[in-house]
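The values are calculated or read from the model by the stated rules, or taken from the named source; none is laboratory data. Values in this document were obtained by computation on a predicted structure and should not be read as measured data. Note that we place each Cβ from the backbone using ideal geometry, even for glycine, and neighbour counts take in every protein chain shown.
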Amino acid sequence: MASYVLMLQADPEDQDITESALSEINPSIAMIYLQDTEEMNKYIAEMGQPVLILLNDQGTITERGQLLRQLKANPSYAHIPVVVLGERSSYDYIKECYRAGASTFITKPSSINATHKKIKMFFSYWFEVAEV
């Protein structure tokens, strides 16, 4: 498979916003949406590794930290940037995400347009500035 971005635990609205923003930056990169790490492991085994993993912020800080640590502890995934898209923006929560291995934490704005703009800027950074 060509390059793709994997997004875990995305709700339908986040999927639409994220896919729209990515297609404006680089339409050749596919978005794949999965619900859990078991599904992710199977998908990656069949299709190869994503260039980026996005985690929608769901669950408790402990659950999110455990998932990040799992991803970063796996030698097959440790090098892949993992970005958390969150609605919570408390200092302690963000700090814990970084401690657990997040490459970036993005707080989603309250409006759809502002969220689209922020995600588009985020993809612009990862696919036009950074090397992935």
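With the requirement that a residue be in contact (Cβ under 8 Å) with a residue 12 or more places away in the chain and either under 26 Å from residue 117 (Cα atoms) or under 12 Å from the mean Cα position of the chain (by Cα) (or both), what does the stretch 72-93 give you?
Within the stretch 72-93, 80, 81, 82, 83, 84, 85, 86, 87, 88, 89, 92, 93 meet the criteria.
What number of residues in the stretch 21-36 are assigned to a helix (DSSP H, G or I) and either under 12 Å from the mean Cα position of the chain (by Cα) or buried (at least 16 other Cβ atoms within 10 Å of the Cβ) (or both)?
Result for the stretch 21-36: 3.
If you take the residues of the stretch 70-122 that are of a type outside the set (Val, Ile, Thr) and in contact with an Asp or Glu (Cβ under 8 Å, 6 or more places away or on another chain), which of them is surrounded by the fewest Cβ atoms within 10 Å (Cβ to Cβ)?
By that ranking, first place goes to 87.
Starting from the stretch 36-65, take each residue that is among the small types (Gly, Ala, Ser) and list its partners that are in a loop (DSSP other than H, G, I, E, B), counting only C-beta distances under 6 angstrom and pairs at least six apart or across chains.
Once the first residue is among the small types (Gly, Ala, Ser) and sits in the stretch 36-65, its partners that are in a loop (DSSP other than H, G, I, E, B) give 48/1.
All but one of (1) farther than 22 Å from residue 2 by Cα; (2) free of Cβ contacts under 8 Å to residues at least 12 places away in the same chain hold for residue 97; state the number of the condition that does not hold.
All conditions are met except number (2).
Against the condition under 14 Å from the mean Cα position of the chain (by Cα), assigned to a helix (DSSP H, G or I) and closer than 22 Å to residue 115 by Cα, how does residue 10 come out, does it pass?
no
Scan the stretch 4-12 and give yes if some residue there is among the polar types (S, T, N, Q) and touching a residue at least 24 places away in the same chain (Cβ under 8 Å), otherwise no.
Scanning the stretch 4-12 turns up at least one residue that is among the polar types (S, T, N, Q) and touching a residue at least 24 places away in the same chain (Cβ under 8 Å).
Inspect the stretch 113-131 for any residue being on the phi > 0 side of the Ramachandran plot and either at pLDDT 90 or above or of a type outside the set (D, E, K, R) (or both) and give the result as yes or no.
no
Let me spell it out: the conditions are (1) buried (at least 19 other Cβ atoms within 10 Å of the Cβ); (2) farther than 23 Å from residue 125 by Cβ; (3) hydroxyl-bearing (Ser, Thr, Tyr), and residue 18 meets all of them except one. Which number is the exception?
Here residue 18 meets the rest and fails (2).
Please work out which one of (1) surrounded by fewer than 16 Cβ atoms within 10 Å (Cβ to Cβ); (2) basic (Lys, Arg); (3) under 15 Å from residue 7 (Cα atoms) is the condition residue 64 fails and give its number.
Condition (1) is where residue 64 drops out.
How many residues, within the stretch 58-69, are out of contact with any Asp or Glu (no Cβ under 6 Å at 6 or more places or on another chain) and modelled with pLDDT under 85?
Looking only at that region, the number is 8.
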